[in-house]
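Derivation of every value follows stated rules applied to the coordinates shown; laboratory data play no part. Model, not experiment: these values are computed from the prediction. A quick note on method: Cβ atoms are made from the backbone with ideal geometry, for glycine too, and the neighbour counts reach across all protein chains shown.
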């Protein structure tokens, strides 16, 4: 039985590279030979035991690769084709999927809905920090990479760009809007880039790291606020001349940023939340106008499926945005433990790492 | 100077009927002779000092009446015409109004937005628990009452129906949806009726009072849940076979109902909040899927303006719903202090009172 | 090889009942034993050769039945289960499906879109006027029938109700709207019922047949207009006091009704078109305000897929509408040629026929 | 009585500069001293008698100016302030305005709706090709010009940009869409710029004039098609690899471009129409999929009101687009007849002229 290498979860604090058999595939699956993948903040939560997964699971949900083998019922693709799959891999036939909410995909449970059910790679099935990964429901999930795009150019599509832009879309950002984005990690940066793409004309990016604020400017921010130097709420109200923002995007997952988003909204404004929280959240009464401010709070889990990936690949292919600079460090798969070490501690100005098996 | 009677706020605990001059009007105003009005839960908050207004202000924001006098610049109406005005009286020219968000009307402040700025009657200007009321921006706010409709039939339009239906609309209830409404006071009942109007096919009403639950059934609920007898969250999940509801409507303004709404939502579902809260709110982490459930929380302040009123009057005129039974008690204006006494203590099965000057 | 009976297209003017082998199924299919089906206006177009299909094709796209056999890869269902499938049977993995537009399903062509590509039964694959039918992509398309509902009660869900309500949804009919529906055949009647379900409060139904106008009233019309007795445009403008309607629904497929819809729209109103046209259409300049009326024309092909069917079954199960009376005539499968004869000539007040194998 | 100069319509073929009294203003009006204005294609229709207006009417609907005088009831502005007003000047209190459809503003008629009723300047009231213009409902319509922006920079906001971007918004262009724009006159160019602003990633501009195609590229087109050299339908299908476009924008007002738009749409795509037509339109049956393509046709009249202008001014102030180059020629007001001569005959590569009183 041929073997491959895979980064597996062993116990809190330990993700290690081990050998595993190259998996078999079912009739609707595809086997992908991974050419590039990356590590996500969520993977660090898994590493730390903050998000529980089963022992032995292969981690990783952002694959770029080449089709090695197709299931017997899969048509429309060919072996050797360069593709990506989204971090979210819906089945296409759940009630959630058919209602257009692919991320809450839940066949067989709660009438076809399951919270976060679309997130399978490195969560409920083996992920892609490995030589090979099985993509379930291949015809729903495999998106060919347009010619001329490198692995690193499309590496943000499966999760980071889909999520960041998703926050912009859920917030219904429109041409001429004023938008604030709290936190400029990879997802916040993609939300900043997405707000620019969607036509926001006053974009305010908040973070504490100069490198991230500089990257925010490069990707489209008109103003940057270092929250260690200035109260971001006061500063955003100053920039907007007291009006507040149309849409505030939360991209960190903390109470402080969540509340700050509410505090900078104009009446009728929208808080679009992308963060993964680890505690109950408090809505401050005044910032919520006691429930009378016509406000909206909306959360978004990374949209997936091949049509979503096609759209994002079209964005990249158009050259409208260049997310290549988000890749700050490169590792071989055999160095993945070092990559986790660097990424988990946000050393050396790391934004995203590229892992190549 | 001719006098009229008006229910004015004196101090916490005291709203009294006093004489005041019949007010003058400006060029864009109309003077309305009030024929019927009512008391709202918000008025009780004012009475108790929980919502501060200035001393001497006339309370009340739900007028049915007859045009007594029109401002010099007002056209399209005539004296003697039967009209209503919404509880919310936008100016029509603020940035908020022009953007379609009339309730957050704020000329001259925060660039034309002000939280709750559209609510003026009995809040920032004299209200309608009086013989006469000045309606500002009359051409924006006066809606003729269709022939054949009584004062009591249209008495819910200015606030209760507009708010209740507004919660249904903000929640984007559609044909075939499952909807739960927490609390069946007048606004919750109108949300129940509104969910029925909008085509929800499984409607679950929650309250503790048998009369209110009976009225909920009459207005369209398919299921009623007495939360003192059953855990409403468990019961709603049972009724929906574990699936949860598409939309949950909060119509009370408490932490308990807010959290219960989140707990009964299916993934991707919407909490539509109508309550006026008096404390910070807590979002339970699990019910919020840690921010990954594709959920929406939306709040709605009573929509106003004459086009809104026209639409609601069309609903009433169509006979699709009959809100007459919500009027459980009737008082003369001179008895308004007794009406407050009854209404504030929810005595005698009171839902809404009709006050006739 | 076991045989079954099937109504097949032979040549223009001839659909006949013949024996065919009971078909095999692939891994994703289900074999349904049809218990009730019906004839659609589209089938009559096929009969007359106005819509071309290949010789020997089994006609019919509205199946109610029992699962006889499941493909090897199908999970979540069991043999013997009572189900329906929509007239439109998307694959669930085309770009169109994943974008939520299941009716334009087109794997492998035009990047995953194909005009009307979701319509397969009795069009591109064998249909259900037969003892058995193969349902493709069973997990996408099979919807269990709730207990207590008869075949005839759910017979309108696969096409007639989905289309009629679809026209209401595409037209964005909302609570308090004024809606006119041109033609009260089965689809127009379901649009009338759908407008009522969605909260329209002035519903005007147009047709020439008294039985159909009477049924329109029963299903929710407030006004009926016999266009042979009155100019429907003038009459609708009279009923609406010159204002026009918010939404006009075309349910016949002719130039006359299409133009009449435009003529009764208020500025900013929407024409929601359901008809199948057989000629180019003309937009009258004045009714279109020379392109400056902020009008919308939207067309809808019957929405399909199991989530759509689940929603429609919930509508029927709720008792909100009763479409049973649309079944005016009943035939055994062996009488299907007579059923076509009656239905094609609209004899004897026929609305829909029930065919039972 | 002080006099001013104004370009008035005399008879078909003749718009001449004459003296008129400087007009009085009512309580809600403002008198604007015009500093820059321009000529629109619609003005040429008026000149030619193709669009009838009354004799003696001052033409022009795109004012940039300084407040000379404010009506007695106008607050929130001051004399000497630099402002623009939209081509469309809604009243703010019609049913249309209150429903958010300001362009179909119609107080007192058809229940508050009137086709094109919001277009008043140079149509139903005196326009702005003059030394002074009266702006009706000043508080609804006057938008201050941000500091640092020149007259020519904001000259496209009142009509050209509002209309062009409006077509993009009505077509619901979103990030990653493919959009074709037929005709690259000033409005088509602004639609091209708007599609870029809104995130379309494949933008195809069609025209016959090399200068206009070059300008289209400068404003955001990825591909340009000279329809005299290539069949634009075939070329667009080639560029999109047979898929078609998500949104096609018609910016000319002819049958040929209207039909071409339909022919390049993918199934489910939207035709967003901006042109002013002069004949009935024909919808080709096949391009319309016989009514079964889930297509939308939507028309847009220039959105107006000060909130709209504020948003557009924010777009200009952000520097995201530079419409300055659209001004190809400059004239003094006394030369306006020559300006009409040049513009009406599209001589000398003219796109827009700036007229300065």
Mind checking the angle between helix A:306-317 and chain A's longest principal axis? C-alpha axes, 0 to 90 degrees, to the nearest 10.
70
Rounded to 10°, Cα long-axis angle of helix A:255-264 versus longest principal axis of chain A:
50
First measure r as the distance between the Cβ atoms of residue B:79 and residue B:124, then evaluate 1/(1 + (r/R0)^6) with R0 = 41 Å and state the FRET efficiency to the nearest 0.05.
0.95
State, to one decimal in nm, how far the label point of residue A:348 lies from the label point of residue C:147, with both points 7 Å from Cα in the Cβ direction.
6.4
Inside 10 Å of the C-beta atoms of C:316-323, what's the mean count of C-beta atoms belonging to other chains?
3
Binned at 5 Å starting from 0, the alpha-carbon pair-distance distribution of the stretch C:99-250 in whole percents comes out as 2, 9, 15, 17, 16, 12, 12, 9, 6, 2, 0
What does the copy distance list look like for residue B:24, label position 7 Å along Cα→Cβ, in nm and ordered from shortest?
2.3, 9.3, 9.4
What is the Rg over Rh value, at two decimals, for the protein assembly as shown, using alpha-carbon atoms and the Kirkwood definition of Rh?
0.96
Residue of chain B nearest the B-to-A rotation axis [by Cβ], rounded angstrom distance
B:297, 2
What FRET efficiency, computed as 1/(1 + (r/R0)^6) with R0 = 30 Å and r the Cβ-Cβ distance, is obtained for residue C:255 and residue D:256, rounded to the nearest 0.05?
0.90
Okay, helix-only estimate at 222 nm for the protein assembly as shown: each DSSP H run of n ≥ 4 adds -39500 (n - 2.57), divide by all residues, round to 500 deg cm²/dmol; what do you get?
-7000 deg cm²/dmol
Nearest 10, in degrees from 0 to 90: the angle of helix A:210-219 to the longest Cα principal axis of chain A is 80
Of all DSSP beta bridges having both residues in the protein assembly as shown, the percent classed as antiparallel (nearest 5) is 55
Mean per-residue count of partner chain Cβ within 10 Å for A:275-288 equals 5
One finds, for residue C:55 and residue C:3 with R0 = 22 angstrom and r their Cβ-Cβ distance, a FRET efficiency to the nearest 0.05 of 0.70
Stick to Cα atoms and the Kirkwood definition of Rh, then tell me Rg/Rh for the stretch B:160-299.
0.92
Here, residue C:330 and residue C:282, labelled 7 Å along Cα→Cβ, have an inter-label distance in nm of 4.8
Counting only other chains, and only Cβ atoms inside 10 Å, what mean value do you get across the residues of D:80-90?
0
At 7 Å along the Cα-to-beta-carbon direction for both residue A:16 and residue D:172, put a label point, then send me their distance in nm to one decimal.
5.3
